[in-house]
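The structure under discussion appears below in the form of structure tokens.
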Amino acid sequence: QGPPTRLLVAAIDLGTTFSGYAFSFRHEYLSDRLRISTNLWPHNNGMSMKAPTSILLDPEGEVKAFGYEAIKTFGDLAEYNQHVDYFFFNKFKMNLYQQGGLSTDFKLHDISGKTMLAVDVFTKVIWYLKQHLINRVKSLDSRIQLAPEDVQWVVTVPAIWDDKAKFFMRKAAEKAGIEGRNLTLALEPEAASLYCRYIPTYRTDLQGNAQTFDIFRPNTKYMVVDLGGGTVDITVHSVLESGALEEVHQPTGGYWGGSTVDNEFCALLVCIFGTDVYQEFQEKFTADVIDLFQEFDLKKRTFEPGKDAPLSIKLPASLIELYKMRSGEDIQEVLKNKFDQEIKIKRDKLQISPQVFIRLFNKSISSIVNHIQSLLEKNTVSGVSVLLLVGGYAESHVVRDAIVSHFPNLQIIHPPESSSTVLKGAVLFGHDPKAIVARVCKYTYGIAMMVPYKEGVSDPSKKRVINGEEICDDVFDVHLRVGEQVSLSENRTGKQYNVQSGQTHSLLEVYASSVPNPKYVTENWCTRLGSLVLEVPPNTQANDKIVVLLYYSGTELGVSALNPRTKQETKTYFDFLG
């Protein structure tokens, strides 16, 4: 972690649907923690703190526009058919979740199917936001000089991401010009939790001052449910006597965010217009598709259950005309027979009954509610009396109402401007990275090693003979266990490994497992994360061993290594994407 004296903390929240940045100077943080600056991105309906995660690159791959501007520029280019050689990427973060074996050569497809290295697309978005932020800071004071060491950068990641995806995000940020030592990754629900500690509630004390939420009193446990566009990320925190937070259950969740509802709406459109017409519409009128889903996104967040009036969404003329041209039928007549008044089209408006609209949320809501329910039944989570709903998808009344009605015995808090809680909390985390003093391991971590073969104990299929000695291969040497609470202050001891003298580097293989006691790294529940590279100093002797320690110091897996004979710290680094 960077020294706490950094002049500026700058946070970038690259979300599935929306992204943005925030920053605060050290002196602002010390006088008022919530004095955090964000950018306001202009669009048709006003201004917002985050812009769509959409980026337009010119044919050479340089950034042409970002956010609302990227969508508008792409639409303008498409109108005159000049968009063909441009790259337009949106909602691409979802691809990192669905990609199992992430590697540096993993490619993303843009809206028309052209490919680019994923790490380059992420790098360009981070680079754009970083430059925008620096220019914004300089516009506050033309004389301000910011050296790289003056800024602590924070980039947010979902807590349920695995170490490969976190490593990928770190690499993209470094490629965007942020030096590794000036960068911290913040877990999204943790950041939100830190921010909510300081926001005032709707109650005031006798003097008329706003009180902060009493869920942050010592010895309380609460669940943070971060409802994003892609992921739903859940973590459980307990407040210590000192006011610091500790995690009491490892982060869990799934890919049940707002995009799930978009996919259901997409399926409904296919049902209305037919697969062929909708597919042709997607291919030929990409800008119209983006506009349609922008409007749907707004309706998704503002729709209030309990209203009888149908919900109205403007349809692009291109879709209605295409249907008529391909089928020869009038869509309004077809719908009368097919959907019995529940779905109608009047001129260019798609009118959906409230019942049908709410059904689009069912899949997402049942996954969220069932998951929260199963978590509440766990021992470590018992005593949770409050749910904190944050994230952009938490702005949807449908989702909030469903959670409130399913959990009548819990206090459910939905802070105002919930879509920016993660972004602002990431700034607070940058100023005080030790605010969360303990975390629970999400996986069992260890290193693959060989041990002497023991008859009757070792697996015969793992038997190897090396230099006349019987060896058992592929043993999972556990360093950290799933479900184990690890505190920042704890001193852990490492484990010894052989290194070959005469080499400049030695490789150890790092594995993660979902079970607490894996025996061999080849078991189904074990995954290879990648290599741990040790630099072997020239004065290493033939039978020297190196003590290696895998630790979780913050939000990422860390490593240290030492030669106990020479007391020399050995330089190490991970390679998780090779």
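The values are calculated or read from the model by the stated rules, or taken from the named source; none is laboratory data. Note that the structure is a prediction, hence the values are computed from the model and not measured. In this analysis, Cβ positions are derived from the backbone assuming ideal geometry, glycine residues included, and neighbour counts consider all displayed protein chains. All accessible areas refer to the heavy atoms of the entire protein, side chains included, with ligands and DNA or RNA removed. Shrake-Rupley method; radii C 1.70, N 1.55, O 1.52, S 1.80 Å.
Points worth noting:
- Checked against (1) surrounded by 16 or more Cβ atoms within 10 Å (Cβ to Cβ); (2) more than 23 Å from the chain's Cα centre (by Cα); (3) assigned to a strand (DSSP E or B), Tyr573 passes all but condition (1).
- Hey, Ser259 in contact with a Ser or Thr (Cβ under 7 Å, 6 or more places away or on another chain) and either open to solvent by 20 Å² or more (accessible area, probe 1.4 Å) or closer than 28 Å to Lys72 by Cβ (or both) or not: yes
- Which listed residue is open to solvent by less than 20 Å² (accessible area, probe 1.4 Å) and out of contact with any strand residue (DSSP E or B) (no Cβ under 7 Å at 6 or more places or on another chain), from Lys346, Lys300: Lys300
- The lone exception for Pro52 - which of (1) open to solvent by 20 Å² or more (accessible area, probe 1.4 Å); (2) at pLDDT below 95 it fails: (1)
- Leading residue by the ranking (nearest to Glu264 (Cα to Cα)) among those in the range 358-375 that are free of Cβ contacts under 8 Å to residues at least 40 places away in the same chain and among the aliphatic types (A, V, I, L, M): Ile365
- Residue in the range 6-17 that is without any contact (Cβ under 8 Å) to a residue 24 or more places away in the chain, open to solvent by 10 Å² or more (accessible area, probe 1.4 Å) and hydrophobic (A, V, I, L, M, F, W, C) present: no
- Residue within the range 132-145 that is surrounded by 20 or more Cβ atoms within 10 Å (Cβ to Cβ) and either of a type outside the set (Phe, Trp, Tyr) or within 23 Å of the chain's Cα centre (by Cα) (or both) present: yes
- Of all residues in the range 240-256, those that are at pLDDT below 95 have Cβ atoms under 8 Å from Cβ atoms of residues that are open to solvent by 30 Å² or more (accessible area, probe 1.4 Å) and acidic (Asp, Glu), 6 or more apart or on another chain, in Leu240/Glu246.
- Residue, farthest from the chain's Cα centre (by Cα), within the range 290-314, restricted to residues that are of a type in the set (Lys, Arg) and at pLDDT 90 or above: Lys314
- Options Glu188, Glu179, Glu174: the member that is open to solvent by 50 Å² or more (accessible area, probe 1.4 Å), at pLDDT 90 or above and within 18 Å of the chain's Cα centre (by Cα): Glu174
- Residue within the range 84-96 that is in contact with a Phe, Trp or Tyr (Cβ under 7 Å, 6 or more places away or on another chain) and at pLDDT below 90 present: yes
- Neighbours by Cβ (under 7 Å, 6+ apart or cross-chain): first from the range 273-286, in contact (Cβ under 8 Å) with a residue 40 or more places away in the chain and among the polar types (S, T, N, Q); second in a helix (DSSP H, G or I) and crowded, with 20+ Cβ neighbours inside 10 Å: Thr286/Ala78
- Looking across the range 318-343, the residues that are open to solvent by 60 Å² or more (accessible area, probe 1.4 Å) and not acidic (Asp, Glu) come down to Lys324, Met325, Arg326, Gly328, Gln332, Lys336, Asn337, Lys338, Gln341.
- Flag for Met47 being open to solvent by 60 Å² or more (accessible area, probe 1.4 Å), among the aliphatic types (A, V, I, L, M) and closer than 25 Å to Gly391 by Cα: yes
- The residue pairs whose first member lies in the range 506-519 and is of a type in the set (D, E, K, R), whose second member is open to solvent by less than 40 Å² (accessible area, probe 1.4 Å) and in a loop (DSSP other than H, G, I, E, B), and whose beta carbons are closer than 8 Å, counting only pairs six or more residues apart or on different chains, are Glu509/Val521.
- So Pro433, is it part of a loop (DSSP other than H, G, I, E, B) and within 24 Å of Met47 (Cα to Cα): no
- Scanning the range 420-464 for residues that are under 20 Å from Phe216 (Cα atoms) and aromatic (Phe, Trp, Tyr) yields one hit, Phe429.
- Qualifying residue in the range 148-157 (condition: open to solvent by 60 Å² or more (accessible area, probe 1.4 Å) and of a type outside the set (Lys, Arg)): yes
- Lone unmet requirement of (1) crowded, with 21+ Cβ neighbours inside 10 Å; (2) at pLDDT 95 or above for Ala287: (2)
- Where a residue in the range 405-421 is in a helix (DSSP H, G or I) and its partner, wherever it lies, is open to solvent by 10 Å² or more (accessible area, probe 1.4 Å) and among the aromatic types (Phe, Trp, Tyr), with Cβ under 6 Å and at least six apart: Thr421/Tyr195
Residues are listed down the side, and each one gets a yes or a no for (1) in contact with a Lys or Arg (Cβ under 6 Å, 6 or more places away or on another chain); (2) charged (D, E, K, R):
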position: Phe285; (1), (2): no, no
position: Asp288; (1), (2): no, yes
position: Gln294; (1), (2): no, no
position: Thr302; (1), (2): no, no
position: Ala309; (1), (2): no, no
position: Gln332; (1), (2): no, no
position: Lys338; (1), (2): no, yes
position: Lys344; (1), (2): no, yes
position: Gln351; (1), (2): yes, no
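- The number of residues in the range 337-358 that are closer than 14 Å to Ala309 by Cα and either touching an Asp or Glu at 6+ places or on another chain (Cβ under 8 Å) or aromatic (Phe, Trp, Tyr) (or both) comes to 6.
- Residue within the range 437-457 that is acidic (Asp, Glu) and surrounded by 15 or more Cβ atoms within 10 Å (Cβ to Cβ) present: no
- Lone qualifier among Asn337, Asn370 - being more than 31 Å from the chain's Cα centre (by Cα) and either part of a helix (DSSP H, G or I) or of a type in the set (Gly, Ala, Ser) (or both): Asn337
- For the range 107-129, a residue qualifies if it is under 17 Å from Leu577 (Cβ atoms), open to solvent by less than 30 Å² (accessible area, probe 1.4 Å), more than 15 Å from the chain's Cα centre (by Cα) and not aliphatic (A, V, I, L, M), and exactly one does: Thr123.
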